[in-house]
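Worksheet for the structure shown next.
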Amino acid sequence: MSPAAPGPGSLADLTGHELAERFASGAATAVQATEAALERIAATDERLHAFLIVTGDQALEAAGEVDAARERGERLGPLAGVPLALKDVLVTKGVRTTAGSRILEEFVPPYDATVVRRLREAGVVILGKTNMDEFAMGSSTENSGFGPTRNPWDTDRVPGGSSGGSAAAVAAGQAPLGIGTDTGGSIRQPAALCGIVGVKPTYGLVSRYGLIAFASSLDQVGPFARDVRDAATLLETIAGHDPMDSTSIPDVPVDCTSRLTDGVDGLRVGVVKELFLEGTEPGVLARVREGLERLERLGARLEECSLPSFEYALSAYYLIAPAECSSNLARYDGVRWGLRAKDSADVVDMMQRTRQAGFGAEVKRRVMLGTYALSAGYYDAYYGQAQKVRTLVRRELDDAYQRFDLLVGPTAPTVAFPIGEKADDPLAMYLNDVFTIPVNLAGNAAVSVPAGLSDGLPVGLQLIAPALGEATMLRAAWAFEQDLGLSTRPVSHEEVRS
Ligand code: GLN
């Protein structure tokens, strides 16, 4: 343990709402909470590598402003002064934003993403930008152009991905709150592997303006936290209509907290047969089955349901997502942003050499797959077919919601796996998202909530809701969490071996 590590009772161990109580009573200030978070980062991040950049001075300044506003008696939001770890895929004015890619290594955006603006307006203190798989393509954070992040539960293992940096930061107490993005599972799967709460909101609930695009019909921004209450409050803070995003849902009242504690009595929950696949680790299945019994004991009515199209969701996703990625990533041509290869013979040579040098292997694989799937002659067989599967998944889910308020299953088939284990096997890596992807195809909401440990490593339970079903979904997650009673304290930094 590093001697600089803050001892027991550090403000870095508290959740956002616990900090807020201390701010309100005068027991602590936002500057103190920010200092505690920065100390925790200093003590642990050499080993974890959750952050790509820490903006300590800016964070302390923002915290100081919140404290001053509080002293003046201004009305402040519930997260004012609470520190947060931001995935490096949302642009920040004047602060380097890389999306985990060497091609954007020097990119300093001239504006803030809408989510970032909302966070700042709410007084949330942004500590820095977190590591991620390059352009959010991956499930382990090993595809980062800047080296992997480690899981605080066992630093020889991955934190999941692609939002692994934010998830590891929250799990380790570097920040009580985090922001990730979820295109095929990149919030829920790292939340499960790091033992925290992660929410994939309904498509269109949170603005994508200023989010560096991977697959635009699937990407959503969402919260990480160590408990459901914080996740719900953070979701309320970032959600809402944005005229700058054409897919943003207009006029939605966003209330995830007022009925959070109402319980699950009478809720109809469908246990999705296809989410209990052969090959899922027995320890994961055991925790999830216990979770089902718990929900039942709490008054939910569980019944098995079958959604046969889920079997094809992964294959459809790995055509649709690469197709959209090949089109979105065409803009990185060395002309407008970031890297530009030197000493090129002509403009085509320059573009080719820029992309060759700037993109990692997984990004290149996706661009090639996507370009192929969209090319004349293959479009109907691949992309068109995948879109039909997407429609089937959506319809089957819509049918299921006629009978069920929520659906349930595991978040991921495995616990955190060793760094390097799947790095050279893209198909094995893709399979880690088999339970999360159908939700993205349908644009529905889902949450991963901690369900206990298997061999000392966290397991996540996934609750799935229809579009804009967040309030009911988080109510069930809260009841589950309270009854299970796991600690919301960070994984001890003593376990972050250096
Ligand atoms: N792991 C999936 C992929 O590689 C999902 C990534 C994500 O949700 N951003 O595409």
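We did not get these values from a lab; they are worked out from the coordinates using the rules stated. Quick caveat: nothing in here was measured; it's all calculated off a predicted structure. A quick note on method: Cβ atoms are made from the backbone with ideal geometry, for glycine too, and the neighbour counts reach across all protein chains shown.
Brief remarks on what is shown
- The Cα atoms of region 95-174 cover 37, 30, 16 Å along the three principal axes, with the biggest extent listed first.
- Relative contact order (%) - criterion: Cα under 8 Å, at least six apart; region: the chain: 18 percent
- Set LYS364/LYS422; LYS93/LYS129; LYS87/LYS273 screened for pairs whose C-alpha atoms are more than 23 Å apart: LYS87/LYS273
- Ranking of ASP399, ASP433 by neighbouring Cβ atoms within 10 Å, starting from the fewest: ASP399, ASP433.
- Per-q log10 I(q)/I(0), region 448-498, q = 0.14, 0.18, 0.21 Å⁻¹ (Debye; single scatterer per alpha-carbon; no solvent): -0.47, -0.69, -0.83
- More than 12 angstrom apart: percent of Cα pairs within region 183-235: 62 percent
- Rg over Rh, two decimals, the chain (C-alpha only, Kirkwood Rh): 0.95
- Nonlocal amide H pairs with LEU267, under 5 Å, H built at 1.01 Å: ARG301
- Leading residue at positive end of dipole, region 1-135 (Cβ point charges), from ILE126, LEU76, HIS49: LEU76
- For the chain, the antiparallel share of DSSP beta bridges with both residues in that region comes to about 65%.
- Among MET244, MET132, MET429, a tally of other beta-carbon atoms within 10 Å of each Cβ gives an order, fewest to most, of MET244, MET429, MET132.
- Rounded if a/c under 1.5, otherwise prolate or oblate - region 104-261, Cα gyration tensor axes: oblate
- For region 336-470: rounded, prolate or oblate by the Cα gyration tensor [a/c cutoff 1.5]: oblate
- With only Cα atoms counted, region 275-415 has Rg and Dmax values of 21.7, 70 Å.
- In region 316-374, taking the dipole from charged Cβ atoms about the Cα centre, the farthest positive-side position among THR371, SER326, ALA357 is held by ALA357.
- Normalised contact order of region 318-401, rounded percent, pairs of Cα under 8 Å and 6 or more residues apart: 37 percent
- Packing-based exposure ordering (other Cβ within 10 Å, fewest first) of MET473, MET351: MET351, MET473
- Here the Karplus relation 6.51 cos²θ - 1.76 cosθ + 1.60, evaluated at θ = phi - 60°, turns the backbone of region 158-169 into coupling constants of 7, x, x, x, 7, 8, x, x, 5, 5, 5, 4 Hz, with x for every Gly and Pro.
- When DSSP beta bridges are restricted to pairs lying wholly in region 1-155, around 50% turn out antiparallel.
- Here the Karplus curve 6.51 cos²θ - 1.76 cosθ + 1.60, taken at θ = phi - 60°, turns the phi angles of region 124-134 into couplings of 5, 9, 7, 7, x, 10, 9, 5, 6, 5, 3 Hz, with x standing for Gly and Pro.
- Backbone phi angles across region 320-331, fed through the Karplus curve with coefficients 6.51, -1.76 and 1.60 (θ = phi - 60°), yield HN-Hα couplings of 5, 5, x, 4, 5, 5, 5, 6, 5, 8, 4, 6 Hz in residue order; Gly and Pro are listed as x.
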